[in-house]
Amino acid sequence: MKFEPFVVKDIAEETDDVCIFRLTRADGSVPAYQPGHFFLMRLPDEAGKMAQRSYSAASHPTESALSFCVKLKGSFTHLLWKMKNGDIIEIDGPYGVFLLKADDTERVFIGGGVGISALRSMILQTVKNDQKKSCLFHSARSLPGLIYYSEMKKLAEGNRNFKFYPTLTCEEIPSGWDGSCGRIGVPMLREKLGSLEGKTFYLCGSKEMAGQLAEALIAAGIPKEKVKKDEWG
Ligand SMILES: Cc1cc2nc3c(=O)[nH]c(=O)nc-3n(C[C@H](O)[C@H](O)[C@H](O)COP(=O)(O)OP(=O)(O)OC[C@H]3O[C@@H](n4cnc5c(N)ncnc54)[C@H](O)[C@@H]3O)c2cc1C
């Protein structure tokens, strides 16, 4: 492991408990990485002991800063929430094997909540660089929880190669909502996509969401090697 100091450039508060942190090295550079990679972040806790956690890069490698979309949860994220512009966070990476396969013909991205982080980078790669057919299913409890909603909607506008299927799992659906309601499962995928054959599925989110959906896809006949998942516990 080789931690390096990174400078906090910007912290965007997306919801009450989700922030996007943008960081670069002091000289403005970022390390080389691939969409889907994650990095380790390290910070001293209140007792001065170093604590670390893993975070997927939400940024695309061509963007000027590394960005991480983080949900406030426990001890480490409470330390992160005390950070401000100009502060230093130690970063190590990239790591991981949740990466795009070059021979995919069509990609289906499925994310729950902040699971969109790694997928955003992969989607930008797929739509702008690889120019392969793809779509995103993103679920959240509320509309603000659909992080990157406007960006994904814009990316899908008039784009025959990229479709966006947002879904809300809350009981009270906001008026005027034109996305889906309920959890993402094989029935919803079939309703929107028709046949699931020949597609590669990239799932990212909690163990409950990504793990169960991966099992359901395999049970529905999708070959194991076409179901890739990143589960965060
Ligand atoms: C590959 C990967 C990518 C991830 N990407 C994201 C992301 O993009 N956005 C996001 O919000 N979250 C992401 N996570 C989850 C993230 O790493 C943290 O688990 C999460 O932020 C909660 O950390 P916390 O300390 O605030 O919560 P806590 O509830 O205190 O800890 C959560 C988990 O961290 C682990 N942990 C606890 N103590 C330690 C310790 N001393 N050392 C090491 N691990 C410990 C345990 O597994 C624990 O269940 C990712 C996880 C992985 C594995």
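The values are calculated or read from the model by the stated rules, or taken from the named source; none is laboratory data. All of these numbers come straight from a predicted model, not from anything done at the bench. Positions of Cβ are backbone-derived with ideal geometry, glycine not excepted, and every protein chain shown enters the neighbour counts.
Here is a list: LEU124, LEU99. Which entry is within 16 Å of the ligand (Cβ to nearest atom), under 25 Å from GLY211 (Cβ atoms) and among the hydrophobic types (A, V, I, L, M, F, W, C)?
Exactly one of LEU124, LEU99 is within 16 Å of the ligand (Cβ to nearest atom), under 25 Å from GLY211 (Cβ atoms) and among the hydrophobic types (A, V, I, L, M, F, W, C), namely LEU99.
Can you tell me how many residues in region 52-82 are aliphatic (A, V, I, L, M) and within 6 Å of the ligand (Cβ to nearest atom)?
Residues in region 52-82 being aliphatic (A, V, I, L, M) and within 6 Å of the ligand (Cβ to nearest atom): 1 in total.
Which of the residues spanning region 83-96 are of a type outside the set (Phe, Trp, Tyr) and within 12 Å of the ligand (Cβ to nearest atom)?
GLY93, PRO94, GLY96
State yes or no: is SER117 within 10 Å of the ligand (Cβ to nearest atom) and of a type in the set (S, T, N, Q)?
Here the answer is yes, as SER117 does meet what is asked.
Kindly provide the set of residues from region 92-122 that are part of a strand (DSSP E or B), surrounded by fewer than 24 Cβ atoms within 10 Å (Cβ to Cβ) and not aromatic (Phe, Trp, Tyr), ordered by number.
Within region 92-122, ASP92, GLY93, PRO94, GLU106 qualify.
Filter region 33-51 down to the residues that are near the ligand (Cβ under 7 Å from one of its atoms) and in contact with a Gly (Cβ under 7 Å, 6 or more places away or on another chain) and list them by number.
Within region 33-51, PHE38 is the sole residue that qualifies.
Tell me, yes or no, whether region 15-28 has at least one residue that is away from the ligand (no atom under 13 Å from the Cβ), of a type in the set (D, E, K, R), surrounded by 16 or more Cβ atoms within 10 Å (Cβ to Cβ) and within 30 Å of GLY182 (Cα to Cα).
No, the conditions are met nowhere in region 15-28.
Looking only at region 64-71, decide whether some residue is touching a Gly at 6+ places or on another chain (Cβ under 7 Å) and of a type in the set (Lys, Arg).
Within region 64-71, one or more residues are touching a Gly at 6+ places or on another chain (Cβ under 7 Å) and of a type in the set (Lys, Arg).
Pairs needed: first member in region 183-212, more than 12 Å from ILE110 (Cα to Cα) and in the same structural domain as LEU146 (by TED's automatic domain parsing); second member anywhere, assigned to a loop (DSSP other than H, G, I, E, B) and among the hydroxyl-bearing types (Ser, Thr, Tyr); C-beta distance under 7 Å; at least 6 residues apart or different chains.
Correct list of pairs: GLY198/THR105.
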